[in-house]
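The values are calculated or read from the model by the stated rules, or taken from the named source; none is laboratory data. Everything numeric in this text was worked out from a predicted model, so none of it was measured. Virtual Cβ from ideal backbone geometry, glycine too; neighbours counted across all protein chains shown. Please note that ligands, DNA and RNA were not included when accessible areas were found on the heavy atoms of the full protein model with its side chains. Shrake-Rupley method; radii C 1.70, N 1.55, O 1.52, S 1.80 Å.
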Amino acid sequence: MNDVLPDQTPAWQYLEQTMRDLLAAYAYREIRFPVLEQTQLFKRSIGEVTDIVEKEMYTFEDRNGDSLSLRPEGTASCVRAAEQHGLLYNQTQKLWYMGPMYRHERPQKGRYRQFYQMGVEAFGMPGVDIEAEILMFCYDLWQRLDIIDVVRLQINNLGTADDRLSFSEALKNYLEVHREDLDEDSQRRLDKNVLRILDSKSPQTQEILRNAPQMPDYISTESAESFSAIQKILVSAGIDFEVNTRLVRGLDYYNGLVFEWVTDKLGAQSAVCSGGRYDGLSKQLGGTDTPGVGFALGMERLILLLEELDRLPAETAHTVDVYLAVIGSGVTEQAQLLARAIRQNLPELRVLTHCGGGKYNSQLKKAFASGARCALILEGDEAQAEIKTKILDDDGATDSIATSSVCDWLKANLKN
Ligand code: ATP
Ligand code: MG
């Protein structure tokens with residue numbers, strides 16, 4: 001679990017703001033739910049035989065002896081909250097959330113035990129329209145973040161629940177014959193979650209899969225048509241994609257469209273955003289039978305991409321506009337009141353008042369180091385009628401102006 005230090009938070013704020021602006025442009029609404037839920041919620045939604053539930057959850061008993069887990073992802077909680085508060089009754093919802101998720105994985109670059117996701121969940125809409133909108137949203141986000149050239153879209157169709165079942169059976173019958181040659185994880189999954197074997201990393205298992213029944217042969221006509229329809233819209237929208245018939249996703253609740261945005265700039269941690277349709281989930285959790293589709297993106301992985309490719313806008317480094325140097329204890333009060341007056345008159349400026357005393361040179365050094373655009377220097381044993389000004393981005397000379405005209409001077413000199 002990581003600390004995010006002050007040097008890194010501007011990048012986070014930039015990412016968060018870009019996402020919030022785009023979410024607003026799509027008229028999606030934010031929902032917030034707790035980081036803790038009943039363990040049962042995740043077992044019933046994500047699935048008992050998944051990496052997340054088998055190995056990755058932080059689960060403990062609380063003081064009442066109830067089993068709780070830190071949320072490993074947001075979809076289950078979002079469905080739970082929406083159902084519980086009647087948001088799924090006779091209406092559609094386009095929701096988003098942002099926050100930490102917890103998985104006990106082996107930490108490495110792009111993989112952490114507390115990590116942040118932004119997710120979108122859309123309820124009550126069964127068609128390709130919402131699927132197209134969601135994929136377009138992602139595309140627009142990559143464009144705004146200037147990383148469209150380094151991410152690729154993979155899509156697949158898992159079919160209806162029935163399609164999924166008949167394919168699973170066929171796959172199971174085929175793999176049963178090769179049971180002994182499968183890797184250990186896949187042997188275990190054979191009985192409980194056979195689809196997951198498709199994305200096994202074992203070369204031998206992959207070799208066996210080459211002659212296995214193929215998912216597209218088990219997809220019903222209606223589902224296949226809707227999968228063609230979404231591809232047609234993607235083509236019209238100029239969104240490149242590839243169909244990957246091995247893409248199954250690590251969670252049990254998906255059906256129909258599944259997708260992943262991947263990059264090859266982050267080593268093994270290639271998925272930056274994953275999602276799909278999960279029409280059966282709300283019913284499976286004991287609620288209304290409501291179609292759902294959504295995705296979650298990994299914020300650390302996006303920050304890594306932005307940093308490594310140097311795609312963060314320069315202004316994200318700028319957190320100070322005005323550095324007010326205060327030299328001599330006689331001007332302490334005047335400095336505090338002056339800084340407040342500047343903030344009241346020019347609320348868009350970020351004013352850092354030097355506190356704690358110190359010599360002229362050392363305060364000026366700090367002014368430069370802060371990245372401020374200008375310094376104001378108030379110096380003396382008593383309140384001053386004059387203040388020194390200095391633009392910090394060149395060898396700007398030090399001038400002297402009337403203290404009462406500081407706001408005018410700032411307006412004239414820090415226009416943008
Ligand atoms: P992976 O295959 O990389 O383990 P996943 O299939 O487990 O990903 P999801 O559960 O779909 O991932 O989560 C959505 C997104 O969250 C992923 O695409 C990824 O960007 C991010 N993510 C998942 N696990 C982690 C983690 N441990 N640390 C950082 N980001 C993560
Ligand atoms: Mg994972």
To the nearest 500 deg cm²/dmol, what mean residue ellipticity at 222 nm is calculated for the chain from DSSP H runs of n ≥ 4 alone, each contributing -39,500 (n - 2.57), summed and divided by the residues? -11000 deg cm²/dmol
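Roll a 1.4 angstrom probe over the protein heavy atoms and tell me the percent of accessible area of the chain that is carbon or sulfur.
Numbers: 9700 of 20450 Å².
The nonpolar share, carbon plus sulfur, comes to 47 percent.
Counting only heavy atoms of protein chains, what accessible area per residue, in Å², does the chain have with a probe of 1.4 Å?
On the way: 20450 Å² over 416 residues.
For the chain, the solvent-accessible area averages 49 Å² per residue.
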Long-range Cα-Cα pairs in the stretch 322-413 (distance over 18 Å), rounded percent: 37 percent
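Divide, for the stretch 1-78, the radius of gyration over alpha carbons by 2.2 N^0.38 Å, where N is the residue count.
Values: Rg = 16.3 Å, N = 78, 2.2 N^0.38 = 11.5 Å.
Output field value: 1.42.
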Can you list the aspartates and glutamates whose alpha carbon sits under 18 Å from that of Lys411, skipping same-chain ones fewer than 8 residues off? Asp321, Glu348, Glu386, Asp393, Asp399
Where a Cα-Cα gap under 16 Å defines reach, which aspartates and glutamates qualify for Lys232, not counting those fewer than 8 residues away within the same chain? Asp129, Glu131, Glu133, Glu222, Asp240, Glu242
Which order do the peptides 178-189, 123-134 come out in when sorted by mean C-beta neighbours inside 10 angstrom, highest first? 123-134, 178-189
Note the direction-averaged projected area, equal to a quarter of the hull surface, for the Cα convex hull of the chain, in nm². 26.1 nm²
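From the Cα gyration tensor of the stretch 336-383, with a ≥ b ≥ c the square roots of its eigenvalues, which class applies: rounded if a/c is under 1.5, or else prolate if a/b is larger than b/c, or else oblate?
Details: a/c = 2.47, a/b = 1.22, b/c = 2.02.
In terms of gyration-tensor shape, oblate.
Take the cross-link list Lys55/Lys172; Lys365/Lys415; Lys109/Lys415 and give me the ones stretching past 32 Å between alpha-carbons.
Values: Lys55/Lys172 23 Å; Lys365/Lys415 24 Å; Lys109/Lys415 41 Å.
Distance filter (> 32 Å) returns Lys109/Lys415.
Stokes-Einstein at 20 °C, 1.002 mPa s, Kirkwood radius from Cα pairs: D for the stretch 34-124 in µm² s⁻¹? Walk me through the intermediate numbers first.
On the way: Rh = 14.1 Å.
The diffusion coefficient I find is 152 µm²/s.
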